[in-house]
Structures are given as C-alpha cells and as structure tokens.
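Everything on this sheet refers to the single structure shown next.
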Amino acid sequence: MRLIVRILIGAAVLASIALATTWLFLPGLNDRQTKGELALPGLKAPVRVIRDEYATPYIYAESIEDALRAQGFVAGQDRLFQLETSKRAATGRLAEIFGAGENDAVLNLDREARVIGFHRLAARQEDMLSPAARRSLEAYLEGLNAYVVSRHNTHPIEFKLAGFDPEIWTVTDLLAVTFYLGWASSANFDAELIAHQVIQSVGTQAFQQIAPLTVNPDDLTRLTESRAIGTTLHRWAGATAAPAEWTTGGWRQQGFGGSNNWAISGAKAGSPAAIVTNDPHLDSRILPGPWHPVGLITPTMRVVGVSAGLPGVVIGRNDHVAFGVTNAYADAVDLYVETLDPDNADHYLEGDQSFPFETITETIRIKDSAADDGFRDFPIVVRLTRRGPLITDHNPELGSGFVLSMRWATAEFMGSELGLDSLMTARTIEDALTAIESVRVVSLNFVVGDVTGRIARRASGVAPIRLRGDGMSPFHIVDGVDNWGGRIPPERMPGEIDPERGWTGSANHMTASANYPFVYTTFASPAFRYRRMQGLFENPRITAADSWAAQYDTLNLFARDIAPILSDALAEAEDAELRDLGEILANWDYRDDYRELAPTLFQEVVRQLAQLTFEDELGPDATAAYLSNWYIWQERFNAMVQAGDSNWFDDTRTQEIEDLSAMVRRAGKAALERLTSANGTNRSKWRWGEVHQLRFRGPLRREGLVGRLTGNRNVSMSGSGETLMRALYPYSEPFDSKWFASLRMTADLNDPEKVRAVLPGGAVGRTFNPHLADQMAHWANENAEIYWWFSDEAIEANAESVLLLTSSEH
C-alpha cells in the first residue's frame, strides 16, 4: 500500500527549478475543476460530487456502478500523478519515465516487479474475474480514463516536470497494482534472507539462540513452540514484514508497514452500536499520503472511508458496519534452495529428477537522452522452477552462494472475486466476514463492528498449509515432494467473533493462538503495542473518545520492561555521566514524550547495546542485516535482557568475560558519544522531539528553498516504534521516523452524522494545492476535531463546492 512515488521523484522530475518557483505565484496553479458541470461519458444518470472544506469528495450517484465510475474520475482529478507512478512501479516501468543506471534503485525496482511478475499475475487474474467483479473495475477505469483523455481538465504539473504523460489504464494495470500492494503484506521474505545470511555466518545452532520470537499475549500459556530448521524454537507470537523493494544492494524489505485497529462492542461502549478505530502505519512522508478519502452514496449504499487507488473503500463505515485493517502478514512467501543440474545448465534437480526451467524474457525500457529514440532496452531473463522465479539470477549476493527461488501463495490460489466491493455493502457481521474471506490478494487483519453492537476480527489473504518447514528460513529442495498441501481454509484464518471481554484488535502481532493447527507465520511485530491495548481496554467501559485518545498513547512497554535493568547497571558505573544517564532513566515514566530527554537516551542505549551484543559473533555485515529488521530481533532482545544471562553479552573479541551490566555501561558510553557527535553538547537539543522528527516532502521531493515552497515541513514526534502512537525509525538512521499513522479513524456507529478521521497530509496530491497538507496540524493534535461527514444533512451543511458530472450522451 506504500506508493513508490515517495522514493523516486528526484532530479529528473524537476525540469526547471526557476519555472517551478515562478508557478507558485500563479492563481489556481495545479488545480482541477470542482464546481460547475463536466462531462463523464458512460454515466447512466447525473452524479453530484460535493467537496467539504478539506476537499473530501462525497459522490452522489443513482447506482453503485455510476458511483465507482465517478470515483475513478475524481481519483484522477485529485491523485493522477500518484496513481500513474504506482502503476509504473507495479508493471516495472519506472525506468521508462525516470531513467536509470545499470544497477540503481529505479532499475532494480523494475527488475523486482518483472521477476515477481505482477503484470503476468494480473493477466491471469483478469481471466478469472466474475462478471460482477470485472464490471466494478471497468466502471472505475472508465471514470479514471475519462479524466486521463479529457481536454477540459488540467493534469497535475508534475507530469510536465517529469517529462511524461499519463496513459490509459487497463483492467490488467489495475490488478497489477492490486498484486503490488498485496506483495507488501506477504510476510517474511526479508526475514528469510536475513536468517539465511546469519546461518551462513554462524551456523544453525547459534541462529536458534537469536531467532525471532513471536508473542501472542492472548495465549494463556504465553509460550508456544515452533519448528524451525528442524529444531525446536520458542516463539511468543506477533508478526509483520513490510513491502519488499529493490535497493542498490538487492531485494530487501525496507518498510515496516504495520497498524493498530480495534473494535469495541456496544456493551463495552455502553451504547447500542459498536465503535471501530484504525490507524494504519505506513511510510507516508511524501505528501499527500497514500489514502484518498471519499464518500460513495447511492439509493442502496452509503459508505465513507479511504481508498488506496482502487475502486471502493477499504477502511471506513457504511450504514450498518464499520471496518479497519492492519497488516496481518500471514506468511504467504517461501524461499527455496534449488540445485542446478550439473549436466544441463537449462535444468534444475528435485532429488534425482531433472526439470527444465521455464524462461520468460522481459525487456525494460530505460529513458536515455543519448539513445536514438530516447530509450534503450534492458532485457532480463526470468527463470522459473515449479515453485517460482529464481531471485538470485538477478542478485547472486542474496543467496550467499546458493541458488534461491521464491514462491508466493497468492499467485497459486487466485479466485474470481476481490472481496472489498462486498465489504462496502455488508449489513451484518456475517456479511462482513464472508466478504473478508473472499479477499485473497492482500493479507490483512480486519476488525468489524455493527450497529447491533457486535464485533469480530478475521485475517484475509492466502497462507499455505506447510507440510514441511515453517518458512523461517529457505527450504532445501531434496526431492519432488511438495512441502505445501493447499491453503489454510479462509474461515480458519485467525480471528474471533464477539469475544467476552468486549473488544478485539490487532497490532501486527501473532494473532494465531498457541493451539492453532497451521504454521501461520514465524515472523511478527513485537507485542508491545498490543499489550498496551490490553492494559487500556481493561477498563469496564470504553467510549469513542477513549478509543480516539488511545491512538495518541505514548507509554512504551519495551522501556518499562528493560529500562530499570539499564538504569541499575548504569548506577554502578564509575563514570558520573553514566550514573546521571541511569538516574534519568530511573526517573522516567516510560512515556515517549517529545519534550523529554529520557526517550532519546533509552533508544540510543538500546541501539548501542544491540550492536555490541551481536556484532562480535555475527560480524559487521550479518549484524547490519539482522538489526535492520526490528521484527526479527527486538522481542528476542527484550527477553535476553530481562533474563540477563545470555552468553551473547560477552564480547568474544576481548579476553575478559563481560556480563550484561558491563555491556550496558559500554553501550551507555557509546550512546553519549554518538549523541554528542550528532547533536552537540547542549542536551536540550537531545530532547526526543528535537531528534525524532517526521520529515514530510512534497510530491516533487526537492530540498532547500524549492522544497519549502513545494510542501516540505518537519514535525516533532512523540511516540516510538513501541507505542500505540507509532513513529518508527530505521535502526541504521536514528531517529527520523518513516512509519507512522497514515490515517487516524474512529467510526462510532452510534453517531449517524460523522466519522472522526484525519490524515497526516491531505486529500489532493497536487503540488501547491491548499489541500496537499491542510490536515497535518489536526493530525498532530489529539484534541483537534476533523470529520468525514456521513449523513446527507451533515454533508450538505459542510459543502464547499458542488460539481455535476453528466454523460456526454445527454
């Protein structure tokens, strides 16, 4: 769901800085028509588009088909450049518009898309669609394409600056984007590569000691067992990986898209209807962010929420139910160690049987001013086993000397429905669950609530039934026996209906219970956020206001677990500075408040302690890989520090035998040195909000004066990767946050007028547009009130503009 535009708009996008800054002062620059009348061919009846003060469009149509057609048109008006770049990313055509070197990030992104084959999968999916599913996609694209070809509407100036034009969309294009977004939720691709690298560095036995722990706090037993690499490992439940992307170094999952969601029953809320809250955590630094708010209103349907460039609404409410999502990351991807046939280079072995590779040639066009026609071709050959493509053909370093193939369950278990359209029209919890069970492309934890007060949670997507192996590390092919035995039945995916405690929720933790009969995942988000939910929702009554406020909660349970251990060790130091550091941690309330110094000190000491703990055994490269993924090591590290007796705390590079306390003091010294080097000696500059910031960038992604003129701004952040108010930074890049609430929503089904919701950016993805980032201040302020309107009366009362869309045939 993270759009690739956020990392791609570089120097090639800005054809002329002087021209861009001049355009800033032109009235109505980079806007679109929101009043009066426009033609939209294909409409069966006129459609009204009412926009409120934040430019959220509410589409009034006589049929769902016309509503989707108008949604496509409006999406084009508001987000065309963002949509076009996401399509190019999904179909492996970024280099065609941005240019690329032989091994830079843009070309590698195109390679990834071509090797996985989102466009090939989309073509297969298109052939399988039911007539109704196809018609919904076609209606949306009729509207979007009408805007693309219209001569009466101004396309975003970003196209002029980037030097290319938008193209007509096909159903295959839209499905490719759907698979691209689904790949982002496909679990532990990165974790398997890291496990493989660590095993090659230190061996299986050592890896077992630091393998991921996954924690499900709802399990009464707390500890369950997981089979990994043929041995028994403990896991404590919780999971998430994030969108895999190509970098200059190869395939790595660089994001940690997560989310919080929960549903409060009517009984617990003290009201007839349920309350649903959702804040998806995505890299939303490139404005306006990934979500486009919209209302769709017909005689048979009323739904308000957000879309991610696809028809309909994925988070929001209708007249009967409300729904929200988190990344479930059911492990839908496995890597395999393949054996090439030494007697035939075009074959691979399964035991003593030799099979020919299927080969597909893909040609990537690269923008190149030196070429005769402005482009040069870059062909790649994709070799596939019966499991899937060889990824090490395109970056041998990934395999550490082995040949690896990749298998994606979503590609093997397609269906005729996409499912989200049915969720929009659900009237009961059962309707919603049926719709969720038909969603195969993306792995999400849905929570739903209805107007009768009922609640439920259910995971969507496809997860294989693993007969051998558990997906934690690459599976070695030694025979022709398939290690998968079908898919987990959709009705048996993790979830619950009407729990007695009166609430359900998820925070990317392991939602499968200890006695779950299938291997769901071995890779999970640490459970700190979900544990905090448990604490907050122990109260007998939770109101809509309580639910909203919980999204801004900054209590760090990771810190509460181990900060006392750190402060005790530092209190024993001979160095007065270290004792002072320990005192600050000892007096801290464990809240990651932007005004405080303690969160900075805690985060930096933990970073340094983790580095010192693992680097001597793993070496610098494997340590960098291991620590790059918080979900692999953080829960394990938390348990190690609490136990305090791991041999990993001894630095094998010295003759002494260090214990945890000694290493904490060494980490404390290193932390102070780095913070001083980075921020100076004035410790007021070390406060959490000074060093922990979100750096928003406009669609042009420029720096300096041009950047400030085109939307750049910084926001000091409370919270951290461990708090419900999430603001997670990459381990190697402290402390600039990349993953945070891309939306905050509380849908109180007792309120017929509105839904409380806010974006970190805005509704319109056009540089210089006033609605590019007009919600940011509200997003940062817990007490600010901003809404999506739901009733006709509320929509009309808050209308700022009305656009009438009519068929050209009338």
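The values are calculated or read from the model by the stated rules, or taken from the named source; none is laboratory data. Keep in mind that this is a model prediction, so the values were computed, not measured. When we count neighbours, we look across all protein chains shown, and the Cβ atoms used for this are built from the backbone with ideal geometry, even at glycine. For accessibility, only protein heavy atoms count, side chains too; no ligands or nucleic acids. Shrake-Rupley method; radii C 1.70, N 1.55, O 1.52, S 1.80 Å.
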Where the second residue is in a strand (DSSP E or B) and open to solvent by less than 80 Å² (accessible area, probe 1.4 Å) and the first is of a type in the set (Asp, Glu) and lies in the range 466-478, which pairs have Cβ atoms under 8 Å and are six or more apart or on separate chains? 470/226; 470/228
Keeping to the range 378-403, report how many residues are open to solvent by 70 Å² or more (accessible area, probe 1.4 Å), outside any loop (DSSP other than H, G, I, E, B) and at pLDDT 95 or above. 2
Identify, by number, the condition in (1) surrounded by 17 or more Cβ atoms within 10 Å (Cβ to Cβ); (2) over 29 Å from the mean Cα position of the chain (by Cα) that residue 334 doesn't meet. (2)
Condition (residue is on the phi < 0 side of the Ramachandran plot, touching a residue at least 24 places away in the same chain (Cβ under 8 Å), over 29 Å from the mean Cα position of the chain (by Cα) and buried (at least 18 other Cβ atoms within 10 Å of the Cβ)) applied to the range 353-364: is it met by at least one residue? yes
Tell me the helices (runs of 4 or more DSSP H) entirely within the range 80-133 that contain at least 2 residues that are open to solvent by 10 Å² or more (accessible area, probe 1.4 Å), more than 18 Å from residue 163 (Cβ to Cβ) and in contact with a helix residue (DSSP H, G or I) (Cβ under 6 Å, 6 or more places away or on another chain). 118-128
Any hit, the range 799-810, residues being crowded, with 18+ Cβ neighbours inside 10 Å and in contact with a Ser or Thr (Cβ under 9 Å, 6 or more places away or on another chain): yes
How many residues, within the range 540-598, are of a type in the set (S, T, N, Q), touching a Gly at 6+ places or on another chain (Cβ under 8 Å) and closer than 21 Å to residue 719 by Cα? 2
Select from the range 34-79 the residues that are more than 19 Å from residue 762 (Cβ to Cβ), outside any helix (DSSP H, G or I) and touching a helix residue (DSSP H, G or I) at 6+ places or on another chain (Cβ under 7 Å) and write down the one among them that is most open to solvent (accessible area, probe 1.4 Å). 44
Where in the range 513-599 are there helices (runs of 4 or more DSSP H), lying wholly inside it, with at least 2 residues that are buried (at least 20 other Cβ atoms within 10 Å of the Cβ) and more than 25 Å from the chain's Cα centre (by Cα)? 557-571, 576-586
Are any of the residues in the range 222-238 at pLDDT 95 or above, out of contact with any Phe, Trp or Tyr (no Cβ under 7 Å at 6 or more places or on another chain) and either open to solvent by 10 Å² or more (accessible area, probe 1.4 Å) or closer than 21 Å to residue 398 by Cα (or both)? no
Those helices (runs of 4 or more DSSP H) completely within the range 614-733 that have 3 or more residues that are at pLDDT below 95 and open to solvent by 20 Å² or more (accessible area, probe 1.4 Å) are 704-709
What number of residues in the range 471-492 are open to solvent by 10 Å² or more (accessible area, probe 1.4 Å), closer than 30 Å to residue 263 by Cβ and in a loop (DSSP other than H, G, I, E, B)? 1
